[in-house]
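Peer 1: Below is a structure I'd like to ask you about.
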Amino acid sequence: MGRYYVHVVEGEHTLADDGGGEFANVHQAKEHVLICARDLIQSRVQDHSRWNACDFLIANAAGQALMRLSVTDCLNAQHLTVGRR
């Protein structure tokens, strides 16, 4: 298990994930991002246009960026996460 952080990036602004989460690997962290992003977007439908400008950046405990997912990436991957919780 390792600690991974998911930062929300909008243009030049970053909302840092100060707590992070424990995941077996970066791919498990990615699945978490896909589920959370889908839930965030669905719960804030009226602000959908703002979400389109955001990316989710997964970093390890050392602060190294490992993966960056756009909202479009998350929406396109919905079929992978439906029914998983």
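Peer 1: Can you tell me which residues in the range 6-17 are under 15 Å from Asn60 (Cβ atoms) and either in contact with a helix residue (DSSP H, G or I) (Cβ under 9 Å, 6 or more places away or on another chain) or among the charged types (D, E, K, R) (or both)? Talk me through it step by step, then tell me what you get.
Peer 2: The first filter runs over the range 6-17 and keeps only residues under 15 Å from Asn60 (Cβ atoms), leaving 6-7, 16-17.
Of everything in the range 6-17, those that are under 15 Å from Asn60 (Cβ atoms) and either in contact with a helix residue (DSSP H, G or I) (Cβ under 9 Å, 6 or more places away or on another chain) or among the charged types (D, E, K, R) (or both) turn out to be Val6, Asp17.
Peer 1: Can you pull out the helices (runs of 4 or more DSSP H) entirely within the range 1-76 that have at least 2 residues that are modelled with pLDDT of 85 or more? Lay out the reasoning, then the answer.
Peer 2: Numbers: elements: 26-43, 48-51, 71-76.
Counting at least 2 such residues, we get 26-43.
The values are calculated or read from the model by the stated rules, or taken from the named source; none is laboratory data. These numbers come from a predicted model, not from an experiment. Because the Cβ atoms are built from the backbone with ideal geometry, glycine has one as well, and the counts that use them run over all protein chains shown.
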